[in-house]
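Only one structure is covered here, and it is reproduced in the block below.
The values are calculated or read from the model by the stated rules, or taken from the named source; none is laboratory data. No experiment lies behind these values; they were computed from the predicted model shown. Cβ placement follows ideal geometry from the backbone for every residue including glycine, while neighbour counts extend to all protein chains displayed.
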């Protein structure tokens, strides 16, 4: 009996050892498979990360390209605006220089031309003849202020005399300037002096014609400088 039990125990131990060996062999066989699976999973994860990184890099590149285009558009717009400003200034400068220069003439001729332009227009009141402004007429030397600027309008006795009075506008202007040249600031500073100047001009202009052509004379914008 003892032999049989010992043999049974030996067989059991052998079976156990063989089972352990089989398990070890299976574990050894499974280890390469696990390593292969781990390698595959690591490769897959690294591939996913690479794809994610690439997908993250693409928008940044697009943003950079878009930002560069915006900068180029802004720069191009600024350059275009500058060129337009330069071109406009150039055109204004040369258009002014290309104008035909008038031949030098007396100021009286220029003022007579302006009187003619006014006279050609249809007057509102046919018996009123506006004279071109007198600018900076010289006063008598030694006066506190040296110049007078003013405008006058002639009130005609008869509208039919309009052409005749206008034809002698140069003489009328010279007579007005001569009268102011004899005046000082003290003579013209008060209303009495201005009224006296008015009647002197009225009398002087009527004296240029064989008959009384002016009914009255109006002084406008009288300024001493």
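Here is how the numbers come out for the structure above:
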item	result
Residue tally, condition at pLDDT below 80 and either surrounded by 12 or more Cβ atoms within 10 Å (Cβ to Cβ) or not in a loop (DSSP other than H, G, I, E, B) (or both), over the range 132-144	1
Residue within the range 151-170 that is within 45 Å of the chain's Cα centre (by Cα) and assigned to a loop (DSSP other than H, G, I, E, B) present	no
Test: residue 190 is assigned by TED's automatic domain parsing to the domain that holds residue 129 and under 19 Å from residue 151 (Cβ atoms)	no
Residues within the range 187-222 that are on the phi > 0 side of the Ramachandran plot and more than 47 Å from the chain's Cα centre (by Cα), tallied	0
